[in-house]
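A.B. asks: One structure, pasted below without further comment.
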Amino acid sequence: MSVAVRAAATSNARILSSLKPPLNVIVVGGTSGIGRAIALSIARHCPSANITIIGRNESAANAILPQLGSNPKFIRADASLMSEIRTVTKKINAVDMLVLTQGILTTAGRTPTTENIDNKLALHYYGRILFVQELLPLLRSSQNGGKVLFVFDSVHGNPSKINWNDMALEHTYSLSSAANHAMSFTDHAIQYFASQPENTNITFTHALPGFVRTTLGDNLPFWARVPLKCAKAIRLGITSEDCAELMVAHWCPPCRNFTPKLAEIYKRVQSELHEKLDIVFVSHDENENMFNEYFTEMPWKALSFSDRDRFMTLSKKFEVCGIPSLVVLTPSWDVLAMDGVEEVRSVSEEALRMWSQGKYIFWTRSPSEGEYVWAGIACTLCHMYPLVGTRHGCIHQGCNVDLCNTCISKYTHEHPLVEYLIPKKHYSLEQIFASVPHLLGPNNEEQIETKSLWM
């Protein structure tokens with residue numbers, strides 16, 4: 001388990017156990033894969049939770065139910081059928097957390113359900129949105145604040161490629177268009193739900209799990225299973241258990257991990273700052289009791305929890321769309337840093353020293369033609385953010401090193417550094433394998449050779 005996963009698990013345990021009981025959790029697709037792992041994670045951290053899993057495989061459900069706390073429940077339903085979703089949601093009386101993980105990985109073309117909706121779109125988009133719509137009244141009344149988690153691809157949706165003349169893809173279907181429609185429509189639907197005033201008590205999250213070692217691809221054709229098997233064999237990606245902790249952490253805000261570290265740094269350098277830097281906490285907690293408990297850990301000032309109007313004004317002014325968020329301002333209200341969290345993570349206490357002097361930390365440059373911009377990534381040495389051009393990183397799981405092309409020759413590191421492959425760029429097998437040094441022996445004399453197995 002990596003440092004990040006351990007930190008997430010610790011945070012999850014503390015926060016889930018502090019919520020008002022009983023915690024009512026619905027996991028759609030909870031009989032296998034990521035959904036199953038999330039259900040088990042919540043049960044482990046909060047044994048008193050009422051966990052209901054929804055799916056088609058009753059035998060798989062029976063195998064997991066004894067591990068889901070004191071009051072587990074299974075409701076059988078085909079999540080690709082809207083009629084069954086409407087029926088099953090009527091059997092639910094309370095929801096604090098709704099987890100949507102149902103899905104399918106297939107190379108088949110358009111496969112209509114009995115309701116004439118493509119099976120992939122039904123599982124990945126229509127059915128998920130209908131679950132939310134039907135359960136909104138219960139989520140709004142949650143005493144802990146409703147939480148909705150879409151486990152899907154939140155990164156690669158492209159609204160410019162939506163076929164507005166065939167939104168159901170009945171006539172222009174392809175696997176890529178189906179994936180893009182599901183991703184893009186999900187993004188839009190979540191933004192709509194979150195923008196409605198009646199849903200202010202609900203948190204909506206769309207999270208990309210990345211490559212997770214599950215059995216989802218076991219039914220693919222042989223040619224498609226081979227690369228997945230190879231990836232699992234060299235342990236690329238993460239386990240479903242680790243993924244579950246990171247997914248649940250979307251509800252247990254990362255600020256619960258970041259804020260104590262910031263407080264520790266602030267105390268260390270406070271005497272050096274000579275009152276030239278102050279920090280004001282603006283709460284995103286669900287209720288005043290949580291705010292009061294959390295604020296006791298902080299060595300700085302805070303905006304009153306009751307001043308929700310000012311909270312909303314500041315959030316809109318600085319376009320805060322996630323937490324933790326740390327915006328740094330000069331005395332004249334100019335923005336010194338919009339992503340203070342990343343700057344603290346990059347240079348620790350030096351960030352506070354430089355801010356107190358009115359100095360910038362991160363910088364960047366315009367990309368040349370063909371150069372890739374690594375959004376959200378900073379160079380460890382020169383602090384170019386976002387990193388532009390060639391990116392190098394450490395293959396060791398416990399290291400967090402990212403270097404630009406200029407700094408790679410200046411940085412000495414105990415582990416091998418490799419060049420990252422650029423997303424969506426075409427590479428030969430030799431190039432791909434060269435970026436996975438785990439396949440080569442430590443003497444660096446072995447070579448990768450590829451041959452055609454069939455014509």
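Derivation of every value follows stated rules applied to the coordinates shown; laboratory data play no part. Quick caveat, the model's predicted, so the values are computed rather than measured. Note that each Cβ is placed from the backbone with ideal geometry, even for glycine, and that neighbours are counted across all protein chains shown.
A.B. asks: Using a 10 Å Cβ count of at most 15 others and DSSP loop calls, identify the longest part of the chain lacking such trypsin sites (Lys or Arg not before Pro).
C.D. replies: Here the longest segment lacking exposed loop sites spans 92-234.
A.B. asks: Counting Lys +1, Arg +1, Asp -1, Glu -1, what net charge surrounds CYS46 among other residues with beta carbon under 14 Å of its beta carbon? Provide the component values of the computation, followed by the final result.
C.D. replies: Values: positive: ARG14, LYS20, ARG44, LYS147; negative: ASP96, GLU245.
Residues close to CYS46 contribute a combined charge of +2.
A.B. asks: Next up: Evaluate E = 1/(1 + (r/R0)^6) for ILE408 and GLU115, where r is the Cβ-Cβ distance and R0 equals 60 Å; express this FRET efficiency to the nearest 0.05.
C.D. replies: Rounded to the nearest 0.05, the efficiency is 0.65.
A.B. asks: Starting from the Cα of GLU349, step 7 Å along the direction of its Cβ; do the same at ALA375; then give the gap between the two resulting points in nm.
C.D. replies: Taking the two extended label points, one gets 3.6 nm.
A.B. asks: Counting only GluC sites (Glu not before Pro) that are in a DSSP loop and have at most 14 other C-beta atoms within 10 Å, tell me the longest site-free stretch of the chain.
C.D. replies: Details: sites that count: GLU115, GLU170, GLU275, GLU297, GLU319, GLU369, GLU371, GLU414, GLU445, GLU446, GLU449.
It works out to 1-114.
A.B. asks: As an exercise, identify the chymotrypsin sites (Phe, Trp or Tyr not before Pro) in segment 260-365 lying in DSSP coil whose Cβ has no more than 10 other Cβ atoms within 10 Å.
C.D. replies: Those that pass, being in a loop and sparsely packed, are TRP333.
A.B. asks: Continuing with this model, one more query. Which lysines have a Cα less than 21 Å from the Cα of LYS120, not counting those fewer than 8 places away in the same chain?
C.D. replies: List returned: LYS161.
A.B. asks: Structure shown: which of LYS147/LYS276; LYS261/LYS316; LYS90/LYS317; LYS359/LYS410; LYS73/LYS316 lie over 29 Å apart, alpha-carbon to alpha-carbon?
C.D. replies: Pairs exceeding the cut-off: LYS147/LYS276; LYS90/LYS317; LYS73/LYS316.
A.B. asks: Next question, about the same structure. Which FRET efficiency value, to the nearest 0.05, do you get for LYS90 and ASN57 by plugging their Cβ-Cβ distance into 1/(1 + (r/R0)^6) with R0 = 25 Å?
C.D. replies: Taking R0 as 25 Å, the efficiency between LYS90 and ASN57 is 0.70.
A.B. asks: Applying the Karplus parametrisation 6.51 cos²θ - 1.76 cosθ + 1.60 with θ = phi - 60° to the phi angles of segment 361-375, what ³J(HN,Hα) value in whole Hz is obtained for each residue in order, glycine and proline being reported as x?
C.D. replies: Running phi through 6.51 cos²θ - 1.76 cosθ + 1.60 with θ = phi - 60° gives 10, 7, 8, 7, 9, 6, x, 6, 4, x, 7, 9, 9, 8, 4 Hz.
A.B. asks: Along the Cα-to-Cβ line of GLU264, 7 Å from the Cα, sits a label point; which residues in segment 397-420 have backbone N less than 20 Å from it?
C.D. replies: 398-401
A.B. asks: Something else now. Divide by every residue of the chain the summed helix terms, -39500 (n - 2.57) for each DSSP H run of at least 4, and state the resulting mean residue ellipticity at 222 nm, rounded to the nearest 500 deg cm²/dmol.
C.D. replies: Value at 222 nm, helices only, nearest 500: -10500 deg cm²/dmol.
A.B. asks: Same structure, new question: Of the beta bridges DSSP finds with both residues in the chain, what % are antiparallel, to the nearest 5?
C.D. replies: Restricted to the chain, the bridges split so that about 25 percent are antiparallel.
A.B. asks: Further question: Evaluate 2.2 N^0.38 Å with N set to the residue count of the chain, then give the Cα radius of gyration divided by it.
C.D. replies: For the chain, the normalised Cα radius of gyration is 1.06.
A.B. asks: Just to verify a number: FRET efficiency for ALA168 and LEU421, C-beta to C-beta distance, R0 = 30 Å, to 0.05? List each step's numbers first, then the result.
C.D. replies: Values: r = 35 Å, r/R0 = 1.15.
Result of the calculation: an efficiency of 0.30.
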